[in-house]
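The values are calculated or read from the model by the stated rules, or taken from the named source; none is laboratory data. Everything quoted here is computed from the prediction, not taken from an experiment. Here the Cβ positions follow ideal geometry from the backbone for every residue, glycine too, while neighbour counts run over all protein chains shown.
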Amino acid sequence: MQIAPRPFDLLHFAHEALRNGLAGAFVTLVGYEGAASRGVGSQMVVLTDGRHLGSLSAGCVERAVIDEARAVARSGETRTVRYGAGSPYLDLRLPCGGGIDLQFTPLPAPERIEAALAQLEARTTATLLLGERPCRYPPPLRIVALGHGEDLVALTRTARGLDLAIEAYAPADDLHRDDTIHPLLHRNSLPRVAGDPWTAVVLAFHDRDWEEHLLAQALEIEAFYHGAVGSRRTQRARVAALREAGVDRDRVDRLRGPIGLIPGARDAATLALSIVAEVVQEYHLRARPILAHPSGTGTSSASESAGA
């Protein structure tokens, strides 16, 4: 079960609506003043039948936003509206005291959304022009996990419970723990694993015989994150072994360890949560500049916003 919609989920939602003959609108946060619960580039999709996906104010003004979006979908005219501080709507205030500028844009032609979805399927950043504003969507996070035992199983299940894409591998005699984990057939060679700038690679071995042979190969997988479980002492030993084996220093320096946001996590469930949290944090640091509008500054004044 999905916990909350992600940016690319809105594209699928809009595309499905258009295929079913429904009209709707994208609502994009293009600026804010003071505090805001969402960042520039955050979006909602609202359909004329009232269904919607996404959130822009954590619920503060969503009802008014939905009504505005439905009106835009019917009129076909793009507009930008300020809510909160500086808004012409005196009865709509944000608890944080700030103001947000929202751009309402009718759903574009379905083929334009299909092109954006094809870019994401190819694991590249997608661009969709809404009005005169290009909105960008990074490919979703993907995790490649290699290891065995409870740590790997807990990591796999935690990621899947959060609806994250994870491809997990373990020695063949360990697969009885989870039948969704793929077999590692050879100690000396990885299976064919594709990487990209939106992939994280995590090693969860405690049997160093496996890690010793596969670690250097895992560091060759293209990824924004390479990490391995273990103590600081273990990390120093593995780094020394990699250098002694002649592995390129740049590749060795990619390897993080110990990993996870919770220091000293002792049980498999906490360790898995700790690792996934760190990976997601690093993914969002990478994705944030793409999600924000390239020409946006993150702020805007009330005079820059047009009333409905």
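So which pairs qualify, if the first residue must be in the stretch 269-285 and under 17 Å from residue 140 (Cβ atoms), the second must be of a type in the set (S, T, N, Q), the Cβ gap must be under 9 Å, and the two must be at least 6 apart or on different chains?
276/158
If the requirement is being touching a helix residue (DSSP H, G or I) at 6+ places or on another chain (Cβ under 8 Å) and in the same structural domain as residue 262 (by TED's automatic domain parsing), which of these qualifies: 218, 170, 194?
170
In the stretch 217-252, how many are touching a Phe, Trp or Tyr at 6+ places or on another chain (Cβ under 8 Å) and part of a loop (DSSP other than H, G, I, E, B)?
Result for the stretch 217-252: 2.
Of the residues 120, 146, which is more than 16 Å from residue 274 (Cα to Cα), buried (at least 17 other Cβ atoms within 10 Å of the Cβ) and over 17 Å from the mean Cα position of the chain (by Cα)?
After ruling out the rest, the residue left standing is 146.
What are the residues in the stretch 178-216 that are surrounded by fewer than 14 Cβ atoms within 10 Å (Cβ to Cβ) and not in a loop (DSSP other than H, G, I, E, B), if any?
183, 209, listed by residue number.
Please list, ordered by first then second residue, the pairs with beta carbon atoms under 7 Å, 6 or more apart or interchain, first in the stretch 2-19 and more than 19 Å from residue 142 (Cα to Cα), second surrounded by fewer than 16 Cβ atoms within 10 Å (Cβ to Cβ).
15/110; 15/114; 18/110; 19/110
In this structure, is residue 82 modelled with pLDDT of 80 or more, over 24 Å from residue 284 (Cα atoms) and either of a type outside the set (A, V, I, L, M) or not assigned by TED's automatic domain parsing to the domain that holds residue 133 (or both)?
So residue 82 passes the test.
Of all residues in the stretch 97-150, count the ones that are acidic (Asp, Glu), touching a residue at least 60 places away in the same chain (Cβ under 8 Å) and outside the structural domain of residue 217 (by TED's automatic domain parsing).
Matching residues across the stretch 97-150 total 2.
So which pairs qualify, if the first residue must be in the stretch 29-55 and farther than 17 Å from residue 9 by Cα, the second must be among the acidic types (Asp, Glu) and at pLDDT 85 or above, the Cβ gap must be under 7 Å, and the two must be at least 6 apart or on different chains?
Qualifying pairs under 7 Å: 30/101; 31/101; 32/101.
Take the stretch 217-259 and flag every residue that is among the polar types (S, T, N, Q) and crowded, with 17+ Cβ neighbours inside 10 Å.
Matches in the stretch 217-259: 235 only.
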